[in-house]
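Presented below is the structure to which this report refers.
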Amino acid sequence: MKNKHYFLLVLVLSFSLGLSAQVKINPSLGFTLENKFARYVFEPLGMGLSAMFDLKTGYNHVDPVDGKHLLWKIVFGKGIMRPAIDNNYKPCSYGSLTKRPDGGQVLVLEWNDLRFWEEDSICSVKVTVELPENDGVAQWRISVSNHSDYWGLWEIACPAVNGFPAGGKYDIATPETGSGGYLIKNWKGSFKQRSPSGFFPMQFMSFNTKSNGVYFSSNDGESRAKDFFADSKTRELSLIRYPENMGVAGSDLPNYYPVSFGPYQGGWLEAAHRYRKWALKQVWTARGPISQRPDFPEKAVNVGFWVRDTWVWDIPPDEIKNTGDPHTWRRDERDPHEMNLPFLNAMKTMGVPIAFQWYGWHHVMFDNDYPHFLPALKGFRERVTELVDSGALIAPYINGLSADSKTYDWYKFDPHAIKDEAGGLHQHFYWDGAGRLTPMCPNQNFWHFSINNVVDSIINVYGANGIYMDEISCNSHELCFNPNHRHPLGGGRYWADGYRNMFRKTLNIAHQNGKKVVITSESANEIFFDLVTANLFTGRPTDYEIPMLQVVYSGYTLFYGTVCDFRKSDLLFNFCVGQGFIDGRQIGWMDFDLFRPQFKTKVEYLKNCARYRMATQKYLTFGRLWEPIVPDNDVPVFTEEFQGGGAHTGTAPSAEARLWQAEDGKIAIFIANYINEKVNFSYTIDPGKYGLEASNYQITEISPEGNNSVSQSGKTISRTEILEPNKVKVIEFAPIKESGLKINQIK
Ligand SMILES: [Zn+2]
């Protein structure tokens, strides 16, 4: 009692002095941390998270489990042994709650001087959970000190939660490889995805059941190695950190960054807007939006659509090209101009600038003898020069991440390769016929030098104005244990730092002497968005697709590619290209066979979208994608066999719309009709929601032919667009009285 009064006194005094007030808590009683939005319940002794309520609806996301609930897990390592402990190993030894003057609360939980494996007092764990006053999502931190003279740390998970997520209950939204993101309804399954990587290109995801959402994000601006883990069967979720010096006796984990985890109201879109606020403060967006970057190549912006192909583009009509089988790629040595004709003709008929990703230009077989790409096939320089002079963006392919361990001088590369904990190489099996491609350690200057030498030749000897560096953005931090590399073993940040350094050196070459060569890479990884100009989306069309990356990063980087098999239906093609267009991707990335007469209808759709793209750059390149527009009417749906996310039958709307905002504050609706019939699309929008407040709005249809005034509207805009078969439409809304224009900060 006495103590309680004393603490209350401290609390009162501290508040009156504007200081934080701290009270000790008794872990043997458990603890409940709550504000107006959320309630987190921690079990007695082990302090596992046993309930997590959204106080807006009373929804509890964490179910009871057999046994005790989790909060953290630590795996130690040495050799091949991986003994582990968690928060229930010993009772929590100290707890306190601090109330800050800003209304936030910080719960501190400590497990001090733990005896482990016959050693006294070797390990102490400290977890802090910070709950702000005006939000239900808490910030979770962990630090581990380890004094063992034998064990090193291997993995540290916090929050580690059990009893969540229940299978079949949640729609999950995740960032995906070469795609805007996936929304999987009533998700059941398990995944463990590495970050930083192109497999999980942003550090967040959401779980949503009706309006009840759970946000899960690591706020790590230094891009340290970690895994996002969730399993709906065992009902477990955790953020697993790979520390520096894994398995090295006495290695520690300092408290580097918080993980945001907790309930909120909304769906994947609200989660993406939440993440955007954080993402736009990181080093990879620090150069500002594209419009403000003098270093951003104009050539990358002025793209109507992309093509990707190999060396020969005019193969006979009876020959089926198989770009997927490099053994079949032809290597003709003919007149360079004649060989370029399919490209030059396409530029004429399409009437928009074309960007080209060029495979098979090098003398070595695809995926073999890397990085010995040079010299190029005969006539390459002449062909590149003619195409660049004609206004095209030419980005020859190289692989920037892997070397072939079967190549003749592998002995030079081997010391710089990533090695696993047993001394083996991280071999990847790509296809039968590929060399033994082996990821190199990005910490190694030798590798930077090897790749940038190739880049230098492609730009300065062969004259390309772009370069495609395969795999770097797509791959993940692979744990390197090579003791001679002068980086901490296993986890930490050297992988991200290494590739960022390599790209910086690439840019030094690419931007010399007034050149602005375009750098592109495979898939997307947010940590390179200030260094890579444009990011290739290789994902196939699917009803799972959501524009998650674009909602977060629109205006700050470029995404390109809407690749699909054009030998399949027009509808699938239109869906792929049309959705990519309204989502702000630069479309295309098919090969020149698309321009054969039998695909004329598809080319028309592509051309139409490409021409619209050129007319709407203020939105799709420089603006912000706010959200998909949910129609007020029933829009017909179609059913297709989709490949994206694994072969499955799915259903998607025949027409979809997105809301974009330009930097001048104006907003526009981009609508695409995928089917060969008219579709009515009704919608209601309130421009005030996007900071564009006015009493009246001018409504204008934007098209490649010019702009047409349509009508005017009051505060709330409610309209039905009649979409012509296989067509897209862009409608812009601008305030009529400029004096009434009030634009909030939109970036
Ligand atoms: Zn290494």
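Tell me the residue from 415, 371 that is within 16 Å of the ligand (Cβ to nearest atom), more than 23 Å from residue 306 (Cα to Cα) and either assigned to a helix (DSSP H, G or I) or in contact with a helix residue (DSSP H, G or I) (Cβ under 8 Å, 6 or more places away or on another chain) (or both), please.
Only one candidate passes the filter, namely 415.
Just to verify a result, which residue in the stretch 460-500, among those that are among the hydrophobic types (A, V, I, L, M, F, W, C) and not in a loop (DSSP other than H, G, I, E, B), is nearest to the ligand (Cβ to nearest atom)?
Filtering the stretch 460-500 for residues that are among the hydrophobic types (A, V, I, L, M, F, W, C) and not in a loop (DSSP other than H, G, I, E, B), the one nearest to the ligand (Cβ to nearest atom) comes out as 480.
When you check residue 218 against the structure, is it crowded, with 18+ Cβ neighbours inside 10 Å and in contact with a helix residue (DSSP H, G or I) (Cβ under 6 Å, 6 or more places away or on another chain), yes or no?
Values: crowded, with 18+ Cβ neighbours inside 10 Å: yes; in contact with a helix residue (DSSP H, G or I) (Cβ under 6 Å, 6 or more places away or on another chain): no.
No; evaluated as a whole, the condition is false for this residue.
Mind listing whichever residues of the stretch 426-445 are buried (at least 16 other Cβ atoms within 10 Å of the Cβ) and assigned to a loop (DSSP other than H, G, I, E, B)?
426, 435, 436, 441, 442, 443, 444
So, residue 504, is that one under 20 Å from residue 451 (Cβ atoms) and in a loop (DSSP other than H, G, I, E, B) or not? Steps first, answer last, please.
Numbers: under 20 Å from residue 451 (Cβ atoms): yes; in a loop (DSSP other than H, G, I, E, B): no.
No: the conditions fail for residue 504.
Exactly one of these conditions fails for residue 654: (1) closer than 15 Å to residue 575 by Cβ; (2) more than 27 Å from the chain's Cα centre (by Cα); (3) among the hydroxyl-bearing types (Ser, Thr, Tyr). Give me its number.
The number of the failed condition is (2).
For residue 448, only one of the following conditions fails: (1) crowded, with 22+ Cβ neighbours inside 10 Å; (2) away from the ligand (no atom under 11 Å from the Cβ); (3) touching a residue at least 60 places away in the same chain (Cβ under 8 Å). What is its number?
Against the list (1) crowded, with 22+ Cβ neighbours inside 10 Å; (2) away from the ligand (no atom under 11 Å from the Cβ); (3) touching a residue at least 60 places away in the same chain (Cβ under 8 Å), residue 448 comes up short only on (3).
Please go through the stretch 720-740 and pick out each residue that is at pLDDT below 95 and either among the β-branched types (Val, Ile, Thr) or under 15 Å from residue 581 (Cα atoms) (or both).
Passing the criteria: only 736.
In this structure, does residue 508 turn out to be surrounded by fewer than 21 Cβ atoms within 10 Å (Cβ to Cβ) and either within 13 Å of the ligand (Cβ to nearest atom) or closer than 22 Å to residue 383 by Cα (or both)?
The answer is no for residue 508.
Scan 144, 108 and give me the residue that is in a strand (DSSP E or B) and either under 19 Å from residue 44 (Cβ atoms) or without any contact (Cβ under 8 Å) to a residue 40 or more places away in the chain (or both).
Among 144, 108, only 108 is in a strand (DSSP E or B) and either under 19 Å from residue 44 (Cβ atoms) or without any contact (Cβ under 8 Å) to a residue 40 or more places away in the chain (or both).
Please name all residue pairs, on different chains or six or more residues apart, with Cβ atoms under 7 Å, provided the first residue is in the stretch 206-225 and is on the phi > 0 side of the Ramachandran plot and the second residue is outside any strand (DSSP E or B) and surrounded by fewer than 22 Cβ atoms within 10 Å (Cβ to Cβ).
Going by the 7 Å Cβ cut-off, the qualifying pairs are 223/493.
State whether the residues of the stretch 566-586 include one that is over 20 Å from residue 731 (Cα atoms) and touching a Ser or Thr at 6+ places or on another chain (Cβ under 7 Å).
yes
Let me confirm something: among 651, 621, which residue is touching a Gly at 6+ places or on another chain (Cβ under 9 Å) and touching a residue at least 40 places away in the same chain (Cβ under 8 Å)? Working first, answer last.
On the way: 651 fails: touching a Gly at 6+ places or on another chain (Cβ under 9 Å).
Every option except 621 fails the conditions.
Within 24 Å of residue 339 (Cβ to Cβ), at pLDDT 95 or above and assigned by TED's automatic domain parsing to the domain that holds residue 525: does that describe residue 403? Even if it seems obvious, please write down each step before you answer.
Numbers: within 24 Å of residue 339 (Cβ to Cβ): no; at pLDDT 95 or above: yes; assigned by TED's automatic domain parsing to the domain that holds residue 525: yes.
So residue 403 fails the test.
Taking the stretch 280-303, which residues are more than 16 Å from residue 623 (Cα to Cα), within 17 Å of the chain's Cα centre (by Cα) and buried (at least 18 other Cβ atoms within 10 Å of the Cβ)?
282, 284
Can you confirm whether residue 423 is in the same structural domain as residue 499 (by TED's automatic domain parsing), in a loop (DSSP other than H, G, I, E, B) and more than 19 Å from residue 372 (Cα to Cα)?
Here the answer is yes, as residue 423 does meet what is asked.
Looking at the stretch 424-438, which of its residues are in contact (Cβ under 8 Å) with a residue 40 or more places away in the chain and within 12 Å of the ligand (Cβ to nearest atom)?
Pass one, the stretch 424-438, residues in contact (Cβ under 8 Å) with a residue 40 or more places away in the chain: 426, 430-431, 433-435, 437.
426, the sole residue that qualifies.
The values are calculated or read from the model by the stated rules, or taken from the named source; none is laboratory data. Because the structure is predicted, anything quoted here is derived from the model rather than measured. Reconstructed Cβ throughout: ideal geometry from the backbone, glycine too, with neighbour counts over all protein chains shown.
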